[in-house]
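Undergrad: Mind having a look at this structure? Questions to follow.
A short reminder: the numbers here are calculations on the coordinates, not readings from a lab. What you see is a predicted model; the values in this text were computed from it and never measured. Here the Cβ positions follow ideal geometry from the backbone for every residue, glycine too, while neighbour counts run over all protein chains shown.
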Amino acid sequence: MSYFQIAETDFKLRIQDVFFLVFFAFIIKSSVDFYNLFIKSQEVTYALSTHINHKKTITEIFFAVFLTNIFIWFSFSTLYIIGLIIFGININYPDLYLFFNLGVISAICLGCSICINFFSRLRVIPMAILFIFYFYFQEPLFVVMTLPLAVLYILWSINHAKESHQNIRRKERINNTSQNKTRSIIWAIFHKETTILWRDRLLASFISTSAFTGLGAGYLYLHGDELFIPTSLRFMYGEFLPSMFIFLGIFIVVIYTAVFPSLILFLNEEKTLWIIRHIPIKNEKLILGKISSLILCFIAGIPFIPFMLIFVGFENLLYICWFLVFAYLASVIIALPIGVKYVGKKSDIMLLYSVTMLLLFVLGIGSFISVYIWTNMPYPIVPSMLIILVEFVALYVSVKISDKILTLRKPLSLDLNNP
């Protein structure tokens, strides 16, 4: 048995290993080439639909793959031999080089056969049996001896290659048909709005803002009284100030990730308002599709929680999660009808200011009630969940109100002389 010995190491490389490395490399290379030139080629689809014999077309593709890979093999092997000659290494192994050449030819034939018969379970069985023998014997001589079988197999495969091409085309048509299924109206609008959020990089902005707000609010929770309250007054506001920074942190997050996107969902429809007023869908589905995209905005606001918990402790996890959900739902409930009321209008800072002040009032009352519940009741999670359920009912009412507002809007006039 022949070896290549690597100097000053115990590593030995058998000739058989090199042979099978080249052999399987060309099997993969020829199979991929044939797949690209035949199975996936749109030009071949046209050629096979003409009066030209399909066997001739497929044979030409095979010879193109065969000549390309043979050229690659002879190019690299020639360069390798030239390198050996330059370094004065004995290369008097013509029989071994002949074995490599025949092995490459066999690999090209088998690679193309694999590509043709890959989509047929029965036709690929002979190939699988042949590969089992290759792994069992692991001898280049056996590969060379099976070259006639490889040639016969590729000739037989070419006669049935058109069926493989038609099979993959049929699968592509089925996949395209399934992908072209009409989405539901709500899902289509959800896809549109989330695409806009991703394209405008708003989601990344929401995530970073939530994280930095959590860090800032957490830091002020620990050191805010030292920064803003004189020592003589800390005994009066010492307990109130840390809780206020948690409240302000959540307030900033929901303003940026709930109020702002809830308003721009409708304010940005300035150029497409005439489409919205004339498309044959219910206003309620339009609104539900738009607010469903706010789920991603809420997820983008979640990074506020872990960064905040670094400073306030994990014992406050449930309360912070609950209050964030409460504040987010309240923000959507308030901002949704206002956004629908001014649909198609340009963004106004006074509009955002009005919603912010109203939300601050609602969250202030909610914060007072929640603190009382979480500090005085034995099972605060029960009334807290009831409050969330009430908010969902209020959200449903808000959607209905928004539906009525959008319905009462007069449709655009199509008379250009009397706009």
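Undergrad: Within the range 368-409, find all residues whose amide N lies under 14 Å from a label point positioned 7 Å from the Cα of Met357 along Cα-to-beta-carbon.
TA: Residues passing the 14 Å test: none.
Undergrad: Another one. For the peptides 284-293, 350-359, 124-133, 75-84, what is the packing order when you average, over each peptide's residues, the other Cβ atoms within 10 Å and list the highest mean first?
TA: My ranking of the peptides, most packed first, is 284-293, 350-359, 124-133, 75-84.
Undergrad: With labels modelled as points extended 7 Å from the Cα through the Cβ direction, what inter-label distance (nm, one decimal) is found for Lys40 paired with Ile295?
TA: It is 3.4 nm.
Undergrad: What spacing in nm lies between the two simple spin-label points modelled at Arg14 and Glu226, each 7 Å away from Cα in the Cβ direction?
TA: 7.1 nm
Undergrad: Another question, if that's okay. Which peptide among 380-390, 247-257, 305-315 comes first, and what is the full order, when sorted by highest mean count of other Cβ atoms within 10 Å?
TA: Taking the mean over residues of other Cβ atoms within 10 Å, the ranking is 247-257, 305-315, 380-390.
Undergrad: Past 32 Å, Cα to Cα, is the threshold; run Lys40/Lys290; Lys40/Lys285; Lys192/Lys404 against it and keep the listed order.
TA: In this structure, Lys40/Lys290; Lys40/Lys285 lie more than 32 Å apart at Cα.
Undergrad: How would the range 290-401 be classified by its alpha-carbon gyration tensor: rounded, prolate or oblate, with rounded meaning a/c under 1.5 and the a/b versus b/c comparison settling the rest?
TA: prolate
Undergrad: Given labels modelled 7 Å from the Cα in the Cβ direction, how far is it in nm from Phe63 to Met350?
TA: 8.2 nm
Undergrad: While we're on this one: Tell me, what is the FRET efficiency for Val32 and Thr195 to the nearest 0.05, using R0 = 45 angstrom and their Cβ-Cβ distance as r?
TA: 0.85
Undergrad: Quote to one decimal, in nm, the extra length available between Asn159 and Phe87 on full extension: 0.36 nm per residue of separation minus the C-alpha distance between them. Let's see the in-between values first.
TA: On the way: separation 72, 0.36 × 72 = 25.92 nm, distance 4.81 nm.
Here the answer is 21.1 nm.
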